[in-house]
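The values are calculated or read from the model by the stated rules, or taken from the named source; none is laboratory data. Bear in mind that the values here come from a model prediction, so they are computed numbers and not experimental data. All Cβ positions, even for glycine, are placed from backbone atoms using ideal geometry, and neighbour counts span all protein chains on display.
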Amino acid sequence: MVIALLLYVVGQKFILKPLAITLLLFSATLSYFTQEIGVIFDIDMVRNTVETIKDNNKQEATELLSYPLVKHIVFYGVLPSLFVLWVNVSYKKIFKELVTRIAYIIGFGAVVVALIMMNFKYTTYFSRENRDLRVYLTPLYAFDSIKGYVKSEQRKHKASLKLIGQDAKQNKPSAQRSIGIMIVGETSRAENYSLNGYSRETNPKLKKESVIYYKNTSSCGTSTAYSVPCMFSLLNRDDYSPVKASLQSNSLDILEKAGVEVIWIDNNSSCKGVCERTGEINIRKNPDPESPFYSDGEEFDEVLVGKMDEVLSKMNSQQDVLVVLHVLGSHGPKYYKRYPDEFSVFEPSCKKSSPQECTDQEIVNTYDNTILYTDHVVSQLIKYLKEQQSENDTFLIYASDHGESLGENGVYLHGLPYFLAPKAQTHVPMLSWFSEKYIKNQKIDMSAMKNIEEEKTSHDNLSHTLLSVFNVETTEYKKEYDLLVR
Ligand SMILES: [Zn+2]
């Protein structure tokens, strides 16, 4: 009804057809993602899309292009548009046209009101009980989300950064330098981790390391642009919004304030504003074709292992260091592009451009190969940190930003609003590893740490734990979120 009213009011000569065609093509594109992949265009999906454009992330955009998408747009967008072009619309003289349109609006409105009144009890009950359905109103819900996103961005531009944690200071129990790696995982879901009880062996290397694996971890959001800033924010998930977080210092800023050197290395997209004040090396934007990990315009995550030496050699050898590695992990929909051939262990895999073209088993196989490769990359980083042990106390933390749907109930990928999202999109793997010297110097109680594995944990734990592993004291730190037990 809203669309019809819009066309009656602004659909004048030279405007009606272009407007109708734009609406048809836009709706056809949206409906493909909603019907076929299970994606909903809420504010966070708009934010994700804008971030992808801002990051100039052509790889991510082209991965979404596929034959089924083109087919859907032709059928639901292009063909109806050709019909619109073909129809001959006769416009009357201005006054007559106006009267006719007003008559149509009144008549149309009367029919709609009559229908609602006749079924009043049912329609009010239905709309109250099924508020979630509004997210499927295409394209109106997407328009509303775009409006909401623009408003929140305007608020952000008007406000200035609130500095928090200015009292931060390190108070270390030993003089030994600490080197830590924080891995921001991508699209890993916990249920496909054998460390989380998955029947397939997807963590053959990590299971041999003495890692603490937090079995019941929930993510902050269901998309990268929402979750990544949340993982480094001092705001709890309940109080968090990406705009609110961007307007105050995050845990990386506080670590730097306390004297820890921080560097962000990105092989995914960008740090989503988190490293704005700390510095970033972006591999995804500048892949090296000479690299042994180079493949089809990007580099496999193992490239990050070699980067460790490169960045550490440029740093002050006295200061503690945190290297944040943002991996490409299990980023879809082309999971098969995330790992070298030797990690294609679970076969047959899916090499189509859109996951719904493959069987469920092929999708799961391909996805499991990405988890197997991430297991390898994280193990390689632990190996690297072990080699630094004689001079440094070392540790590693890994947490994925959100999970993934692999076609269960027709839902693929991620990004559903949290209240609609299946557990597959919000139950994420999180783990930590500490070198023997770190455990000794920091007097870590490993058996108590093991007990936390079964507890409920979330992204809310990360920022406070990062402050704690570097012995940073500040009024912003909350012990109840700290995963370290001393
Ligand atoms: Zn992500």
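Some observations on this one:
- PHE75 vs. criteria more than 17 Å from the chain's Cα centre (by Cα) and not in a helix (DSSP H, G or I): no
- Subset of region 264-302 [in contact with a Lys or Arg (Cβ under 9 Å, 6 or more places away or on another chain), within 25 Å of VAL50 (Cα to Cα) and part of a strand (DSSP E or B)]: ILE265, ASP266, ILE281, GLU298, GLU299
- Residues located in region 436-452, provided they are under 14 Å from SER210 (Cα atoms) and exposed (fewer than 11 other Cβ atoms within 10 Å of the Cβ): SER447
- Meets criteria (hydroxyl-bearing (Ser, Thr, Tyr) and either within 19 Å of ALA4 (Cα to Cα) or modelled with pLDDT under 80 (or both)) for TYR67: no
- Within region 36-74, considering residues that are over 27 Å from PRO287 (Cβ atoms) and not aliphatic (A, V, I, L, M), the one surrounded by the fewest Cβ atoms within 10 Å (Cβ to Cβ): LYS71
- When residues in region 276-320 are screened for being within 21 Å of SER251 (Cα to Cα) and free of Cβ contacts under 8 Å to residues at least 40 places away in the same chain, 7 of them pass.
- The number of residues in region 223-252 that are within 13 Å of CYS275 (Cα to Cα), among the hydroxyl-bearing types (Ser, Thr, Tyr) and under 17 Å from the mean Cα position of the chain (by Cα) comes to 2.
- LYS386, sole failed condition from (1) more than 16 Å from the ligand (Cβ to nearest atom); (2) in a loop (DSSP other than H, G, I, E, B); (3) modelled with pLDDT of 95 or more: (2)
- Within this structure, SER432 passes the test of being away from the ligand (no atom under 16 Å from the Cβ), surrounded by 17 or more Cβ atoms within 10 Å (Cβ to Cβ) and either of a type in the set (Ser, Thr, Tyr) or not in a helix (DSSP H, G or I) (or both).
- Selected residue (criterion: surrounded by the fewest Cβ atoms within 10 Å (Cβ to Cβ)) from residues of region 323-372 that are part of a loop (DSSP other than H, G, I, E, B) and within 16 Å of the ligand (Cβ to nearest atom): LYS334
- Test result for LEU312, assigned to a helix (DSSP H, G or I) and buried (at least 20 other Cβ atoms within 10 Å of the Cβ): no
- Count of region 145-190 residues which are under 30 Å from SER435 (Cβ atoms), not in a loop (DSSP other than H, G, I, E, B) and not small (Gly, Ala, Ser): 8
- For region 208-234, the set of residues classified as of a type outside the set (S, T, N, Q) and either under 15 Å from CYS271 (Cα atoms) or within 16 Å of the ligand (Cβ to nearest atom) (or both) consists of CYS220, GLY221, ALA225, TYR226, VAL228, PRO229, CYS230, MET231, PHE232, listed by residue number.
- Checking each residue in region 419-429 for being away from the ligand (no atom under 14 Å from the Cβ) and in contact with a Lys or Arg (Cβ under 9 Å, 6 or more places away or on another chain) picks out LYS423, HIS427.
- Some residue of region 194-207 being part of a loop (DSSP other than H, G, I, E, B), within 16 Å of the ligand (Cβ to nearest atom) and not aromatic (Phe, Trp, Tyr): no
- Leading residue by the ranking (nearest to HIS427 (Cα to Cα)) among those in region 466-480 that are of a type outside the set (A, V, I, L, M, F, W, C) and in contact with a strand residue (DSSP E or B) (Cβ under 7 Å, 6 or more places away or on another chain): ASN471
- Any hit, region 17-30, residues being assigned to a helix (DSSP H, G or I) and within 20 Å of the chain's Cα centre (by Cα): yes
- Among the residues of region 399-415, those that are away from the ligand (no atom under 13 Å from the Cβ), outside any helix (DSSP H, G or I) and either more than 16 Å from the chain's Cα centre (by Cα) or under 21 Å from ARG134 (Cα atoms) (or both) comprise GLY407, VAL411, TYR412.
- Meets criteria (under 30 Å from VAL345 (Cβ atoms) and touching a strand residue (DSSP E or B) at 6+ places or on another chain (Cβ under 7 Å)) for TYR214: yes
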